[in-house]
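Okay, structure first, notes after.
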Amino acid sequence: MKCSEIRAILLEYTGSEVPPEFGVEVHRHLAACKSCAALCAALAEQSAALGRLPKLAAPEGLLDAVKSRLEKPSLLSVFTRWLHGFFETNRFFRLAGAGAAAMLVILAVHVAFRENTLREVSPSKAPVATEARPPEAEHSALPGAPSPPIPSPRATLAAPRPGLGAKKALRGGVPQAKRHGPVSARNQTVMLTLVWKAPAGSAGEKTGGAALRPDRLSNQRSRSLPASLAASAEGNRMHTKGLARGTAGFAPAPRPAPRFRSRGVMGDVIRLVERAKGKVLHGPTPRYESWSGPILAELPEANLHSFIAGMRKLGAVQWSQGKEPAPGSNATVRVSIRLEKE
Amino acid sequence: MLLAVKTLKEEDKEDIEHFLLGDRAALDRVVLRHQDRIFNLCYRLLGDHDDARDCAQETFIKAFRSLRGFRFECGLATWLRTIAVNVCKNKRNSAENRFWKRVMRFGRNPENDEGPELEIEDPAPSPLAMMTEKEKEVLLQAAIDSLSHDHRTVIILRYVEELSYEEICTITGYNLGTVKSRLARARMLLQAELRRESGKGGGHEML
């Protein structure tokens, strides 16, 4: 056996406790190895010394200290006993305690209900509740049709947020009329989808946007118009000129696979929305190169006709339901514009 | 005539039942029966008389306050030892104890405080063999104090209290292999510490 194995045995057992199966091996090794023999002697001495350590007697008064501490009641039990006795002996305080407990319960219930109410009211600050409905429900949104039932606040809470609901509605690609249940008379909203067909060669081309220039729509440019969009309109114009020069002097370079780029037309539509005092909820950003999805905008219904007139200057306008809805008493109208190349 | 000799466990059980029935004298009997054992264990674990007295007192207080939960799965002595070991561990880990330990360590030469060597190759006779009993006790207690709580606990329970491995497992909560390995490690550390103390010449000069 190696020294390490012998030492492991010696550490586990004291000298006289070495099991007989190891005894012969251990004794043989100890006779040959002076180091292990010294360790064995040291460990044996150590065990004996530990065993010979004096057994100390407990100090006087340990029992009395234990008894006094056991008999001394804990602070909690003293307080509980005092409270119990206080309400048991005095009838007035018993009644007062019961009244205070009842008040506390009422207060807690009131606070809980108030918090719930606040939680329910706060999401309805959004102007529109977007509850997706099938296209057949569109007609019921028109004036004269029976008004839809007013959803409960819980249903309003369960409905998705406006942006998300609009995205979901537009993802299908097929323009569908969406109508949202009114939350109140002020922010009643009707959502419509327009299919706008751009004339070939103007909006559908890469040089889209040249058909309509901001100065044709209005002499006054919207203040909220992003500078990059304004620049893009100018850039489109210059690009058109460059192309015209190119066709005069040089053969036109072969173009890559045609890809529908509509930033210029989209910019015009956004400008129209801004002029109609509306806002774009979902549309191209100024840095967006190619926008293929629809634009979702919200504008006052009073400006809807001027907006559609502007749109008609851009191209043909088609309603998803085939006919233009009659004016209602809605405060705002949500419009989804999708471009189609003619 | 049949001589009825009650074992320690039976006496404890009887006294506990009497105590739970309201017999205050049973408490005295239990404390007097176990106080030396518990105080000795606390003293060896802590190395301080006052701390050992406080911990022994705390052990009995805790035991009697939770005596209704004692299910006699082990002997009362083993249960009291378990409580004592935990109380002593908490005492050593307390902020007050750590503060004073740091204060006492302040100013000592760090060269003399280097860790104990684990490999013992010196064939010289054991330092304990050359000392008187009193010197051995002081030196051993100092060496025990230098060990960690786990190592100190197993070595005291095994060689001072002379308990079996099973009882040590019950008290410490370790399994048998852990107890054996910790015991072997503790013995090596203790031996190295003893050799280091004797190498410093502290063995004879400590008295």
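Against the list (1) closer than 19 Å to B:Ser164 by Cα; (2) more than 9 Å from chain A (Cβ to nearest Cβ), the condition B:Ile38 fails is (2). Against the list (1) out of contact with any Lys or Arg (no Cβ under 8 Å at 6 or more places or on another chain); (2) touching a residue at least 60 places away in the same chain (Cβ under 8 Å), the condition B:Ala25 fails is (2). For region B:42-79, taking the residues that are under 12 Å from the mean Cα position of the chain (by Cα) and closer than 16 Å to A:Val66 by Cβ, the one that is farthest from the other protein chains (Cβ to nearest Cβ) is identified as B:Cys55. Every listed requirement among (1) exposed (fewer than 12 other Cβ atoms within 10 Å of the Cβ); (2) in contact (Cβ under 8 Å) with a residue 60 or more places away in the chain; (3) small (Gly, Ala, Ser) is met by B:Ala77 save one, (1). Which count do you get for residues in region B:150-169 that are more than 11 Å from B:Arg182 (Cα to Cα) and not charged (D, E, K, R)? Count: 9. Kindly list, by first and then second residue, each pair from a residue in region B:140-161 that is within 9 Å of another protein chain (Cβ to nearest Cβ) to a residue that is among the polar types (S, T, N, Q) and part of a helix (DSSP H, G or I), limited to pairs with Cβ atoms under 7 Å and residues at least 6 apart or on different chains. Here the result reads B:Tyr159/A:Ser47, each pair linking region B:140-161 to a residue that is among the polar types (S, T, N, Q) and part of a helix (DSSP H, G or I).
From the list B:Arg65, B:Arg98, B:Arg92, B:Arg102, which residue is at pLDDT below 90, loosely packed, with under 10 Cβ neighbours inside 10 Å and outside the structural domain of B:Leu157 (by TED's automatic domain parsing)? Sole residue among the options that is at pLDDT below 90, loosely packed, with under 10 Cβ neighbours inside 10 Å and outside the structural domain of B:Leu157 (by TED's automatic domain parsing): B:Arg102. Would you say A:Ser290 is among the polar types (S, T, N, Q) and at pLDDT 80 or above? Judged against the criteria, A:Ser290 is not a match. In region A:1-111, counting only helices (runs of 4 or more DSSP H) that sit wholly within it, the ones holding 3 or more residues that are within 12 Å of another protein chain (Cβ to nearest Cβ) and among the aliphatic types (A, V, I, L, M) span A:3-12, A:34-51, A:62-71.
The values are calculated or read from the model by the stated rules, or taken from the named source; none is laboratory data. Nothing here was measured: the structure is a model prediction, and the numbers come from that model. Positions of Cβ are backbone-derived with ideal geometry, glycine not excepted, and every protein chain shown enters the neighbour counts.
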